[in-house]
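The values are calculated or read from the model by the stated rules, or taken from the named source; none is laboratory data. Nothing here was measured: the structure is a model prediction, and the numbers come from that model. Counting neighbours? That spans all protein chains shown, and the Cβs are built from the backbone with ideal geometry, glycine included. For the accessible areas, the whole protein counts, side chains as well, though only heavy atoms, and no ligand, DNA or RNA atoms are used. Shrake-Rupley method; radii C 1.70, N 1.55, O 1.52, S 1.80 Å.
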Amino acid sequence: MLDKGVPSTFANLKHLYSDSSKKEILPAIVESYIESGKGAENAEPKRQGDSSKGASAAYYFLAQHYNYHLSRDLPKAQEYIERAIELEPKSVDFHLTKARIWKYYGNSQKASEIMEQARALDTRDRHINTKAAKYQLRNNDNEAAIKTVGLFTRAETVGGPLADLHDMQCMWFLSEDGKSYARQKNFGLALKRFTSIYNIFDTWQEDQFDFHAFSLRKGQIRAYIDMVRWEDKLREHPFYTQAALGAVNVYIQMFDAPPANGANGSDGDDASERKKAAKKAKKAAQKAEQEAAAKKQEHPNKPVKEGEEPKKVDNDPNGLKLLATTDPLGDAMKFLGPVLQFSPKYIDGHIAGFEVYIRRSKSFSLSCSWQHLSSGHANNDFQRSTSSL
C-alpha cells in the first residue's frame with residue numbers, strides 16, 4: 001500500500017489500534033520500510049493525478065499515526081508531515097493533515113492558514129473547500145468562510161451564498177457559523193443561525209405529510225414505515241442537538257447578563273440595551289414592510305421572468321428580534337425539550353437542562369431528570385459519569 005501510495009492506508013488500519021501490540025507493530029513496520037530504502041526502490045512510477053508514493057506515503061502514515069488520539073505525539077507528527085511535504089510540496093492530503101495537527105495544538109489561526117493553503121492547491125475540490133471554510137469559522141473568520149464556501153454555491157441565487165446555503169439546508173455551515181458568533185458574543189446572529197436549523201427540522205417534520213398518500217398509493221409500505229419511525233425520532237439527529245445546546249447556552253448567558261429586572265436598585269444597562277434592540281428591530285421590520293408595499297404599488301402586475309426567483313426579504317437579518325426576548329429561559333426550553341426527550345443518554349443535554357431548570361427553580365424537573373439518569377435505562381459507565389454531577 002505504501003508502494004502504491006494508497007491515501008487511505010492509515011484509515012484502513014487504524015481499527016487495529018484497539019490492540020496495543022498491533023498499535024506498536026504498525027509504525028515499526030513503516031519506520032523499517034523508510035530505513036531500508038524500499039520507499040525509493042519499490043515505489044510505482046507516478047502518473048498524472050496519482051497521490052504520493054514510497055517514502056512520502058510512509059512519512060504521511062507516521063504523521064497520521066502520531067496525530068491519532070490513541071497514539072498522539074504532536075511534535076513527532078509535525079516532524080513527519082514536514083518531511084512528507086518536503087518530498088511532495090503540492091500534496092493536498094499532506095497539507096490537510098498538517099492543518100489537523102495545528103488544530104490539535106489548539107492554534108486555530110495557524111490551522112486555518114494551512115488549510116487555506118491546501119485549498120489553493122486544488123480549487124475544484126469541494127471537500128477541501130468545505131474543510132477550509134470550517135476551519136475559518138473555527139477561527140472566527142466568518143466573512144472569509146462565506147466567501148470560500150460561496151465558490152461552490154449558485155451565483156444567481158438572490159441573497160448571495162448565505163441564502164443559497166439556507167435553501168440547501170446546509171446545516172454544518174449554519175451550525176459552525178452560529179458557534180462562531182456565540183464565541184464572539186454576537187448573540188443575535190448566533191441565535192439566528194441556531195433558529196434556522198430548528199426551522200429546518202420543522203420543515204422535515206411537515207414534509208412527511210406529502211408522502212402519506214403517495215406511499216400508500218404506490219405500495220412502498222416498508223419504506224413508508226421506516227420513514228415514519230425516523231420522523232418520530234427526528235430531533236435526536238446530532239445537528240439538532242448541537243444547534244439546540246448552542247442556543248440554550250446563548251440564552252443562559254443572556255439570562256446571566258447584568259440584571260434587567262430592577263435588582264440592585266437600578267434597571268441596569270442590559271434593560272436599556274434590550275429595549276433599544278427591540279425598538280431597532282421593530283423599526284427595521286416596519287421599514288421592510290413599507291418598502292415591499294411601495295414596490296408592489298409601483299409594479300402591481302409586473303410578471304416574474306421565467307427562471308427568476310422572487311426576492312427574499314429577511315426582516316431580521318441580524319437576529320435583533322431574537323435578541324430582544326424578555327424570556328430567554330422560556331425560549332431556551334423550546335430547543336431543550338426535544339434534546340431531553342429524544343437524546344436521554346446525552347450527558348451534555350442533561351447538564352444544559354440542569355442549568356436552565358435551576359435558573360427557573362424547577363426542582364421537580366431536576367429530580368425527574370436525575371431519576372432517569374440513575375435508572376436502569378443507563379449502563380454502569382453512564383451512571384458513574386453522571387454521579388459526579
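Table for the structure above
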{"quantity": "ILE85 vs. criteria at pLDDT 95 or above, over 20 Å from LYS14 (Cα atoms) and buried (at least 20 other Cβ atoms within 10 Å of the Cβ)", "calculated": "no"}
{"quantity": "Test: residue in region 165-175 that is part of a loop (DSSP other than H, G, I, E, B) and either surrounded by 17 or more Cβ atoms within 10 Å (Cβ to Cβ) or touching a helix residue (DSSP H, G or I) at 6+ places or on another chain (Cβ under 7 Å) (or both)", "calculated": "yes"}
{"quantity": "The one condition in (1) within 29 Å of ARG138 (Cβ to Cβ); (2) at pLDDT below 90 that GLY39 fails to fulfil", "calculated": "(1)"}
{"quantity": "Residue among ILE146, ILE114, ILE101 that alone is open to solvent by 20 Å² or more (accessible area, probe 1.4 Å), part of a helix (DSSP H, G or I) and closer than 29 Å to ARG193 by Cβ", "calculated": "ILE146"}
{"quantity": "In region 204-235, the residues that are open to solvent by 90 Å² or more (accessible area, probe 1.4 Å) and closer than 30 Å to ASP177 by Cα", "calculated": "GLU206, TRP230, ASP232, LYS233"}
{"quantity": "Matching residues, region 131-141, being within 15 Å of MET171 (Cα to Cα) and open to solvent by less than 40 Å² (accessible area, probe 1.4 Å)", "calculated": "ALA133, LEU137"}
{"quantity": "Cross-chain or 6+ apart pairs with Cβ under 8 Å, region 199-220 first and touching a residue at least 24 places away in the same chain (Cβ under 8 Å) and of a type in the set (A, V, I, L, M, F, W, C), then surrounded by 12 or more Cβ atoms within 10 Å (Cβ to Cβ) and not in a helix (DSSP H, G or I)", "calculated": "ILE200/GLN169; PHE201/HIS237"}
